[in-house]
Amino acid sequence: PPFTVNSKIGLPGEMLAYQIPLKANEVYDFAAFAVDEFYPILALADAQQNVIASAQADADFPAALIEGFTPLKDEILYLFVMGDSIRAVGYCGVETAFRADEENGIELQHGSVFQGVIGPVGDVDEYRFSAAEGMDYSILVTPTQHYLDPMVRILDAGGNVLFDNDDSADGVFSMLSGIVLPASAEYIIQVSASPDTIPQRQTGVYLIQLATGTTFDWGSP
């Protein structure tokens, strides 16, 4: 990495395979781009051919993406590309790239959804948002790839932690629901991995959503 190749799958059932040496705590994006309505399937596997992550392109999004993968040790992994059952042959571009860390201080608007990556191990993403005194706010952090176990905090301008949540009731999401901030001001949201989780869940991809009210409540806390 990084590399980009253009290839063709000429026969149904044919598969492209790439051997990729990865470095511990580097963060990688993998992609297979569709050409002429060919929708590739992309899979990342270990040396024993166990699939670690996979993605598939379709008419709505003609690229298969595996984003924000962070190996915990130096290792050789394998990237496989194949066609789907409907359009089994065609051309595609395959890419492996380094993932840059998100810029801290991105402003979240109420109702917005933003994708972030926790990686390498110990990474902390920071966002900011403006709150009005007396209003309820909710934040939901949803892991989407690589088994991230997220936690979320809200800090004031002085760096004091006002609210935090490690796990929601189902143990997968992190959620702050119906919180009321002490004053009309700008606040910081921090997203990181849970300090109590296993190493394999300390990195990964997530979505963060900010809303007013108790938008994300699914039942009693």
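The values are calculated or read from the model by the stated rules, or taken from the named source; none is laboratory data. All values reported here derive from a predicted model rather than from experimental measurement. Cβ sites come from the backbone with ideal geometry, for glycine too, and all protein chains shown count toward neighbours. All accessible areas refer to the heavy atoms of the entire protein, side chains included, with ligands and DNA or RNA removed. Shrake-Rupley method; radii C 1.70, N 1.55, O 1.52, S 1.80 Å.
In the stretch 124-135, the residues that are within 13 Å of I154 (Cβ to Cβ) form Cβ pairs under 6 Å with partners that are assigned to a strand (DSSP E or B) and among the polar types (S, T, N, Q), at six or more places apart or across chains, as follows: E126/Q190. Note on the stretch 134-195: enclosed strands (runs of 3 or more DSSP E) holding 1 or more residues that are in contact with a Lys or Arg (Cβ under 7 Å, 6 or more places away or on another chain) are 161-165, 185-193. Mind checking which residues of the stretch 99-126 are in a loop (DSSP other than H, G, I, E, B), closer than 19 Å to S194 by Cβ and among the small types (G, A, S)? Those that are in a loop (DSSP other than H, G, I, E, B), closer than 19 Å to S194 by Cβ and among the small types (G, A, S): G119, G122. When the stretch 190-211 is filtered for residues that are at pLDDT below 90 and either open to solvent by less than 60 Å² (accessible area, probe 1.4 Å) or of a type in the set (A, V, I, L, M, F, W, C) (or both), the ones remaining, listed by number, are T197, I198.
Of the candidates Y127, Y187, the single residue that is surrounded by 21 or more Cβ atoms within 10 Å (Cβ to Cβ) and within 12 Å of L210 (Cβ to Cβ) is Y127. Restricting attention to the stretch 196-216, the residues that are touching a strand residue (DSSP E or B) at 6+ places or on another chain (Cβ under 8 Å) and within 15 Å of V141 (Cβ to Cβ) add up to 13. Number of residues in the stretch 34-53 that are touching a strand residue (DSSP E or B) at 6+ places or on another chain (Cβ under 7 Å), touching a residue at least 24 places away in the same chain (Cβ under 8 Å) and loosely packed, with under 12 Cβ neighbours inside 10 Å: the value is 2.
Here's the yes/no breakdown for (1) charged (D, E, K, R); (2) more than 17 Å from the chain's Cα centre (by Cα):
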{"residue": "D29", "(1), (2)": "yes, no"}
{"residue": "Y39", "(1), (2)": "no, yes"}
{"residue": "A45", "(1), (2)": "no, yes"}
{"residue": "F80", "(1), (2)": "no, yes"}
{"residue": "C92", "(1), (2)": "no, yes"}
{"residue": "A100", "(1), (2)": "no, no"}
{"residue": "G105", "(1), (2)": "no, yes"}
{"residue": "Q109", "(1), (2)": "no, yes"}
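Can you find, within the stretch 6-33, the residue that is surrounded by the most Cβ atoms within 10 Å (Cβ to Cβ) among those that are in a strand (DSSP E or B) and among the small types (G, A, S)?
Among those that are in a strand (DSSP E or B) and among the small types (G, A, S), it is A32.
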